[in-house]
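Since the structure comes first, as structure tokens, the remarks are kept for the end.
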Amino acid sequence: MRAAALISWLVTASLGAFMLRTWLARGGLGSERAKAGGLPPQLIFGHAAAALTGLLVWVAFVASGARPLAWAAVALLMVAVGLGLCTVTLWTPYPARKPGERREPSATDAAPGAGDAPGSPDQPEFEVTDEMIARLLADPVPASRHRPIRPNPAVLVPVAHGFLAIATFTLAVLSTIV
């Protein structure tokens, strides 16, 4: 199980190094510093440093078998996972509106007594016509939906990195306990 944790850690670190290199090559460091409320570089480099240091300590544990090294590697991995979760949380574009931006009032926000608003009892929100039924019977699935959905590889790398980090943590903890 120690070897499985090591292999998982190496693959996770490789994906992380690929993402870090790509981010740096595309000017991510400069753009984050230029943005108000941008991601602190210490967070990204701290995440990478904790993961790499933990990997080196884990390699020392696998070579020597000393349990304190295993627990130190797990502790460093916990730090790396925590910083990684912080990075993902800060990078995720939520909320969709910018701070201070107000949303436009919708039809459901209309004042009571507005009988001509969509969704009110006087005005149906949606009406099915004979033409719509005939079109659906002729072609139940429009041609635009026949194409297969292709995953975006740019999204798959961080997702794989995250799932492998969970697997690495699980394997490392189980290896340390057993």
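The values are calculated or read from the model by the stated rules, or taken from the named source; none is laboratory data. Predicted model only: the values in this text are computed from it and were never measured. As a convention, Cβ positions derive from the backbone with ideal geometry for all residues, glycine included, and neighbour counts pool all protein chains shown. Accessible surface areas use protein heavy atoms only, side chains included; no ligands, DNA or RNA. Shrake-Rupley method; radii C 1.70, N 1.55, O 1.52, S 1.80 Å.
Descriptive notes on the structure:
- Yes/no for LEU69 being modelled with pLDDT of 90 or more and either farther than 30 Å from ALA3 by Cα or hydrophobic (A, V, I, L, M, F, W, C) (or both): yes
- Conditions (1) at positive phi; (2) touching a His at 6+ places or on another chain (Cβ under 8 Å); number of the one not met by GLY16: (1)
- Restricting attention to the stretch 1-50 and to residues that are in a helix (DSSP H, G or I) and basic (Lys, Arg), the residue that is least open to solvent (accessible area, probe 1.4 Å) turns out to be ARG2.
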